[in-house]
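See structure below.
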Amino acid sequence: MKKSINFAKLSMIMFILAGAFVVAGVLLLVINGGNTFAPFTFANLSFSLVVKALVAAVLTFALVLVYLLIRFKKQGVKMALISTLGASINALVAFALCILGRANLCNMALAVVLFAVALSYVTFIIFSYNFNKKTSRKKNAESQEDAFSVATDKAWQVMKVVLILTTGVILAGFVAAIIYSAGVLALYGIPAILTAVFSVLFTLSYTCKLFADKV
């Protein structure tokens, strides 16, 4: 991955895709939800689990904020807010993918949404860690650009491994659900895989854009 890549254009494309998924999901939810389409009711969504998910999200944001403050000092707050905005967008896309996949809006859908949030933060932290590590001792502009390139390559390599592992686990669960006739669980396999791929690509694209501007 080189700095010659137009990260501004790449991130813009990913934002447009995110908007398209969310709009399509909302339209489908409104259209079929208005007809009381069974999967699109929230009766099976545990309120206590929703509260726990919100608490987990807040704690995760706090930990990310602490890490970024330590790494980037005053800019840490801005980066934490940006990473949280990205995670929120990924969460909306994950929810929309569940709707588009006609999966029941229950606790499993919430798990897919939390999965997207977790991947977003992990991706952002991996890149910021590599960027800070590679640029901390680089003073001139050329060295900074080389460090950016190395950090970007490293982040993509790590997240490729993460994607392969998570996709493999999800596929295994998907196959198991089909074998054991757990049709409801099988509905979340494709949305979960698409969520993993989109979350990583979306987060890396806007993160690379953010840090490219700093070089």
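Computed 3J(HN,Hα) for the range 91-107, one whole-Hz value per residue from the Karplus formula 6.51 cos²θ - 1.76 cosθ + 1.60 where θ = phi - 60°, is 5, 5, 5, 4, 5, 5, 5, 5, 5, 5, x, 6, 7, 4, 7, 10, 4, glycine and proline marked x. In this calculation the C-beta distance from V51 to V77 is compared with R0 = 25 Å, giving a FRET efficiency of 0.45. Ranked by the mean number of other Cβ atoms within 10 Å per residue, highest first, peptides 61-70, 93-102 order as 93-102, 61-70.
None of the figures in this text is laboratory data; all of them are computed from the coordinates on show. Keep in mind the model is a prediction, meaning the values are calculated, not measured. Because the Cβ atoms are built from the backbone with ideal geometry, glycine has one as well, and the counts that use them run over all protein chains shown.
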